[in-house]
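Below you'll find the structure, written out as structure tokens, and then a few comments.
The values are calculated or read from the model by the stated rules, or taken from the named source; none is laboratory data. Fair warning: this is a prediction, and the values are worked out from it, not measured in the lab. Note that we place each Cβ from the backbone using ideal geometry, even for glycine, and neighbour counts take in every protein chain shown. Accessible surface areas use protein heavy atoms only, side chains included; no ligands, DNA or RNA. Shrake-Rupley method; radii C 1.70, N 1.55, O 1.52, S 1.80 Å.
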Amino acid sequence: MAQHTYFTIDNIGLLIAACMVMAAAGISVLMKLDVAKSLVWSMARALIQLLVMGIILEYVIRQHNVWLVIALIGVMLVAAVQITMSRAKGVPKGLVPIVLLSLVVTMLIMISVVAELIVRPHPWYAPQVVVPLTGMMLGNTVSALALAMSRFFESMRERYEEIGTLLALGATAWEAARPSIISSIRLGMLPTIANLASAGIVTIPGMMSGQIIAGGNPVDAAKYQFVILTSFASLTLLAGTIILGLVYRRCFISYDRYRMPDPAPAPSIRHLIGKRASARRRAS
């Protein structure tokens, strides 16, 4: 019987990987691509975040406490909302509660189905199963939702005269916004559909590769990856439909009046610090 072997990566391996990014940044400087600083910063941020998450996961798995699992998933959901709103371009203010509600509802449905009906771990909150599944689903959904929301508000602005004409002819707000909603959801689904179509032929996706590297059975790894990919598709479509179904009313101020809300400013640390300082001055 073949022995499963797990290959670890030492600090020298991490240093070599970082040097690869530094070399790419050097090429960017020589070619004046103006991405060297963001590339190096993103690499450093990714390394720190991944190591911190690894330490946290190791602690949560060792403790095997349901409340720690729920708390960690809650933090991941809040972070997913923040990343979604920062990536979405041209969206108005006040969408954070809607995005958070949609992600919470859809994630509860998906985790309940995947973890409790398909994988069936014991106990049901097994952190080594539930937390990674949540992270993978959120990571895929964040990009799709940001793309769909950006496209929706862009489409609504492009169709300003068309929507005004439809409302004047007696169309409801839903009928006027429906083409933009459909095109935005389709656009957000394109990467997920492409991943489904290419999995196993063009690519060996992340979860399957990770299990094989860790010494798992390739067939079992393929089953896990199939479940994850189908979950991505379902979660992306469900979350996108809920969010756009709730936010389209933001483009209308009455049943027959169309007004696009102004885009929210891009969030930045300087903006948040200045906003907090002004709030303290008003309070004092």
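Can you confirm whether region 120-128 contains a residue that is in contact (Cβ under 8 Å) with a residue 60 or more places away in the chain, among the polar types (S, T, N, Q) and over 25 Å from residue 146 (Cβ atoms)?
yes
What are the residues in region 195-210 that are assigned to a helix (DSSP H, G or I), touching a residue at least 12 places away in the same chain (Cβ under 8 Å) and open to solvent by 50 Å² or more (accessible area, probe 1.4 Å), if any?
195, 196, 206
List the number of the failed condition for residue 36; all other conditions in (1) among the small types (Gly, Ala, Ser); (2) at pLDDT 85 or above; (3) open to solvent by 60 Å² or more (accessible area, probe 1.4 Å) hold.
Only one criterion is unmet by residue 36, namely (3).
So, in region 84-97, of the ones that are assigned to a helix (DSSP H, G or I) and open to solvent by 60 Å² or more (accessible area, probe 1.4 Å), which residue ends up modelled with the lowest pLDDT?
87
Return the residues of region 83-97 that are farther than 16 Å from residue 263 by Cα and in contact (Cβ under 8 Å) with a residue 24 or more places away in the chain; say none if nothing qualifies. Spell out the reasoning first.
In the first step, residues of region 83-97 are kept if they are farther than 16 Å from residue 263 by Cα; the result is 83, 97.
Selection gives 83 alone.
Quick one: which residue in 60, 69, 78, 21 is open to solvent by 50 Å² or more (accessible area, probe 1.4 Å), touching a helix residue (DSSP H, G or I) at 6+ places or on another chain (Cβ under 8 Å) and either acidic (Asp, Glu) or part of a helix (DSSP H, G or I) (or both)?
Only one candidate qualifies: 78.
Here are some residues: 141, 106, 134. Which one is over 26 Å from residue 58 (Cβ atoms) and either modelled with pLDDT under 85 or of a type in the set (Ser, Thr, Tyr) (or both)?
Every option except 106 fails the conditions.
Are any of the residues in region 31-39 out of contact with any Cys (no Cβ under 9 Å at 6 or more places or on another chain), among the β-branched types (Val, Ile, Thr) and assigned to a loop (DSSP other than H, G, I, E, B)?
Yes - at least one qualifying residue is present in region 31-39.
Criterion first (closer than 30 Å to residue 58 by Cβ and either part of a helix (DSSP H, G or I) or at pLDDT below 90 (or both)) does residue 191 satisfy it?
The answer is no for residue 191.
What number of residues within region 165-194 are crowded, with 17+ Cβ neighbours inside 10 Å and touching a residue at least 24 places away in the same chain (Cβ under 8 Å)?
Residues that pass the stated criteria total 12.
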